[in-house]
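Structure first, then comments.
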Amino acid sequence: MALQIVELEITWEKLPDDFILPDDPVDNINQPALAVALTDSLAVAGKLSPLSITPTNYGICATLNGKIVVKAPDWAFIPEIRVERSQVERSYTPELQGARPIIVMEFLCDTDGGEYSIKPTYPPGKWFFYERVLEVPYYGIFDPKTGKLELYRLDEQGFYQIQEPLDNGRYAIAPMELFLGVWEGTRENRNGYWLRWWNEAGELLLWGIELVAQERQRAEAESQRAEVESQRAETESQRAEVESQRADAERQRAERFMEQLRQAGIEPLDN
């Protein structure tokens, strides 16, 4: 992105109660599913604290040169709010109400490519707002159709620089101690590309539905193991019963033989 010099006066003010927030519909049916999937695995893995929020298509605000600016990223991770949740139901103002987002995500759609807008004049473009106003450390742009993920990181001069993935195709999100990457598969009847999280050990953070399926498989395997053990015990019991019957038959045979000896006037010797 080209360097643009612009005078910025940024303040963090409470959004007026009568401020009319944008009420635009999401661009397509995939965006909510992609956002929910990002949050789901974080929640299942215990990576969300009681104070963190992961807003979706939700207004994040700042006052730029005296004018309120509201942008609604498709997904964001805010590590800590410092007010009651009731105060951030409509929108969120960093610094005033809590920490700035660590990462924001935009999912590409068939619109005008506003995800790359560096427009500095009011209302500023998304890229400009995330980079120069909110100073979000990580900005991701994901194309669900192709599976292409572009991850930008704020450099020391305060500008986004595109990041190269690691050898495994993932990107380190250091403040979260996690890695972000692209995964192809099916969730909620949608087969395609998804954004997924991996921990520092390289383990995929599971979605709730995957954890349930994994637990079901474990329970089924345990049930099968118990069934095999039951069958083995039954077989052992049957073998013991046959052995007992054989011993009884052998004892009865010996007793009949000894009785025959006595009837013949032969007293058998005691063993």
At what distance in nm do the modelled label points of LEU48 and GLN157 sit from each other, each positioned 7 Å from its Cα along Cα→Cβ? 3.8 nm
Looks like segment 133-271, by Cα gyration tensor root eigenvalues a ≥ b ≥ c and the a/c under 1.5 rounded cutoff (else prolate when a/b is bigger than b/c, oblate otherwise), is prolate
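Please report the antiparallel percentage of DSSP beta bridges with both residues in the chain, rounded to the nearest 5.
The antiparallel proportion sits near 85 percent.
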Computed from the beta carbon distance with a Förster radius of 51 Å, FRET efficiency for GLU203 and SER244 to the nearest 0.05 stands at 0.45
Quick one: dipole size for segment 7-131, taken about the Cα centre, charges +1 on Lys/Arg Cβ and -1 on Asp/Glu Cβ, in debye to the nearest 20. 360 debye
Protein accessible area in the chain, 1.4 Å probe - carbon and sulfur %: 50 percent
Cα gyration tensor, segment 43-149 - rounded (a/c under 1.5), prolate or oblate: oblate
Dimensionless Rg/Rh of the chain, both radii on Cα and Rh by Kirkwood, sits at 1.47
Ordering TYR152, TYR139, TYR116 from largest to smallest accessible area (1.4 angstrom probe), what's the sequence? TYR116, TYR152, TYR139
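At 0.692 mPa s and 37 °C, plugging the Kirkwood radius over alpha-carbon pairs of segment 50-104 into Stokes-Einstein gives what diffusion coefficient in µm²/s? Walk me through the numbers before you get to the answer.
Working: Rh = 11.2 Å.
Translational D for this selection: 293 µm²/s.
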Taking Cα atoms, how many degrees apart are the long axis of helix 208-263 and the longest axis of the chain, rounded to 10 and kept between 0 and 90? 0 degrees
Rank GLN245, VAL69, PRO268 by how far each Cα sits towards the positive end of the charge dipole of the chain (+1 on Lys, Arg Cβ; -1 on Asp, Glu Cβ) and give me just the farthest. VAL69
Might you work out the accessible area of LYS126 for me, using a 1.4 Å probe with all protein chains in place, and round it to the nearest 10 Å²? 60 Å²
Ordering THR63, THR235, THR39 by how much accessible area each has at a 1.4 Å probe, largest first, what is the list? THR235, THR39, THR63
Between LEU15, TYR139, PRO124, whose Cα lies farthest towards the positive end of the dipole of segment 1-155 when Lys and Arg beta carbons carry +1 and Asp and Glu beta carbons carry -1, centred on the Cα centre? TYR139
Accessible area in square angstrom per residue, the chain, 1.4 angstrom probe: 60 Å²
Surface accessible to a 1.4 Å probe, VAL133 within the full protein complex, Å²: 0 Å²
Dipole moment magnitude, nearest 20 debye, the chain about Cα centre, only Lys, Arg, Asp, Glu C-beta charged: 180 debye
So for the chain, taking the charge dipole from beta-carbon charges (+1 Lys/Arg, -1 Asp/Glu), which of ALA226, TYR160, SER49 sits furthest toward the positive end? TYR160
ILE29 to GLU7: extension gain in nm, 0.36 nm per residue of separation minus the Cα-Cα distance? 4.1 nm
Roughly how many Å² of THR146 are accessible to a 1.4 Å probe, to the nearest 10? 80 Å²
Taking Cα atoms, how many degrees apart are the long axis of helix 30-44 and the longest axis of the chain, rounded to 10 and kept between 0 and 90? 60 degrees
Sort LEU204, LEU195 by accessible area with a 1.4 Å probe, largest first. LEU204, LEU195
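The values are calculated or read from the model by the stated rules, or taken from the named source; none is laboratory data. Remember, predicted model here, so these are calculated numbers, not experimental data. Note that each Cβ is placed from the backbone with ideal geometry, even for glycine, and that neighbours are counted across all protein chains shown. These accessible areas exclude ligands, DNA and RNA; they are computed on the full protein's heavy atoms, side chains included. Shrake-Rupley method; radii C 1.70, N 1.55, O 1.52, S 1.80 Å.
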